[in-house]
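What follows is a short report on a single structure.
The values are calculated or read from the model by the stated rules, or taken from the named source; none is laboratory data. Every value quoted in this text rests on a predicted model; they were computed, and no experiment measured them. When we count neighbours, we look across all protein chains shown, and the Cβ atoms used for this are built from the backbone with ideal geometry, even at glycine. Calculation scope for accessible area: heavy atoms of the full protein, side chains included, ligands and nucleic acids excluded. Shrake-Rupley method; radii C 1.70, N 1.55, O 1.52, S 1.80 Å.
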Amino acid sequence: MSDQVTYLTPGFFVSFSRRQQRNIFPQLTLDHFRATPTRLALVDALNKGFEGDIEELIKRIHRQFNRPPRVIREFFDTLDKAGYITDTLPELRYAGEPSGALGVASEGEVTIANPAILVTQSGHYLWYDHEGSLLLRLELAELVAAATFSEAITISSAKQQYLAKDDAEIDANQFDDLVSRRAGAGLFSEPFTIEDTDETSLFGTVDRTTLQSAIDARIAAHDDNVADEGKGLVQVIPVNTVHGTTPASLGILMAYAIEYEGGQLRDKYNFVP
């Protein structure tokens, strides 16, 4: 056997699809963001550190899932090109211990508290809150089972649906333990509902033509100001590639850069609105 060990770099993301009760890789392109069983098996093996020839791992996954080796190899190459593959033992980047608190979930419908993105490290999938506290440390089988709650569902129905799957890897007791740990970590939330049926929906109420005109006018005014100053500034143009999504994080980054150290970057860069 080869002494070569291939690793997945810590910090690769795994998340949940909100509607299809499955996992996704949110940082990959649309061609590769679905976390199919084949891809998850490859990610998990690399997350633990695979010793040997990668072609042997590809053959093993091929035999397990009956998927063409070239498809598995293509996904490995995608990870490699994106910088997620290394042959050096990665340093631990993520710390903390989950509290281990147990809880009881609501008898009604519950769902995952979204957004929920887990990070890989040393064979585990780490679930942090927004303050950086580690809530759960999951194995792959638990991660897959957790996706059952990506849609609103009762605990009993989720358990029944999961255990009915041919590829279910945890048993009823382990499923109950996972639910208890997630409830103790506060990871279940009740589905969002509008109690006042007369409340106006926000979706589709914005006149896009008017909004675009306002944006165009803002950019034109900004360009005029920059031109009047006569400085040869490097343009910084924020681009949001996810259609229909408000790029709040992008706006925060731009605002921070504009005001950094009292606005000193504005002497060199043209921050286009």
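Roughly what % of DSSP beta bridges within the chain run antiparallel, to the nearest 5?
Values: 21 of 24 bridges.
Here the antiparallel bridges make up roughly 90 percent for the chain.
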Original post:
Which whole-number percent is the relative contact order of the chain (Cα, under 8 Å, 6+ apart)?
Top reply: 18 percent
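With a 1.4 Å probe and every protein chain kept in, tell me what percent of the accessible surface of the chain is carbon plus sulfur. Could the numbers behind the result be given before it?
On the way: 8740 of 17200 Å².
Accessible surface attributable to carbon and sulfur in the chain totals 51 percent.
If you take the square roots of the eigenvalues of the alpha-carbon gyration tensor of the stretch 72-192 and sort them as a ≥ b ≥ c, do you get rounded (a/c under 1.5), prolate (a/b over b/c) or oblate? Before the final figure, lay out each step's value.
Details: a/c = 2.08, a/b = 1.49, b/c = 1.39.
Prolate, because a/c is 1.5 or more and a/b exceeds b/c.
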**OP:** Give a residue-ordered list of calculated ³J(HN,Hα) values for the stretch 98-113 (Karplus: 6.51 cos²θ - 1.76 cosθ + 1.60, θ = phi - 60°; whole Hz; x for Gly, Pro).
**Re:** x, 5, x, 5, 10, x, 10, 7, 4, 6, x, 6, 9, 8, 6, 6
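Counting only helical runs of four or more DSSP H residues, what would the 222 nm mean residue ellipticity of the chain come to if each run contributes -39,500 (n - 2.57) and the total is spread over all its residues?
Details: 8 runs with 100 residues, N = 273.
It lands at -11500 deg cm²/dmol.
Quote to one decimal, in nm, the extra length available between ASP53 and TYR256 on full extension: 0.36 nm per residue of separation minus the C-alpha distance between them.
On the way: separation 203, 0.36 × 203 = 73.08 nm, distance 4.57 nm.
Result: 68.5 nm gained on full extension.
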**OP:** Would you grab the residues whose amide H sits under 5 Å from the one on GLN27? Only those 5+ places off in sequence or on another chain, please, with H modelled 1.01 Å from N.
**Re:** PHE13
Original post:
With labels modelled as points extended 7 Å from the Cα through the Cβ direction, what inter-label distance (nm, one decimal) is found for LEU89 paired with LEU163?
Top reply: 4.1 nm
Original post:
What is the dipole size for the chain, taken about its Cα centre, with +1 at each Lys and Arg Cβ and -1 at each Asp and Glu Cβ, in debye to the nearest 20?
Top reply: 760 debye
Original post:
Once amide H atoms are built 1.01 Å from N in the peptide plane, which residues 5 or more positions from LEU135, or in another chain, come under 5 Å H to H?
Top reply: TRP127, TYR128, ASP129
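Can you give the FRET efficiency to the nearest 0.05 for ASP267 and GLU74, using r as the Cβ-Cβ distance and R₀ = 51 Å?
Values: r = 46 Å, r/R0 = 0.91.
Once the sixth-power term is evaluated, E becomes 0.65.
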Subject >> Proximal lysines to LYS231, defined as alpha-carbon separation beneath 19 angstrom and excluding residues fewer than eight positions away on the same chain >> reply: LYS268
Original post:
Gain in length, ALA172 to ARG18, computed as 0.36 nm per residue apart minus the alpha-carbon separation, to one decimal in nm?
Top reply: 53.1 nm
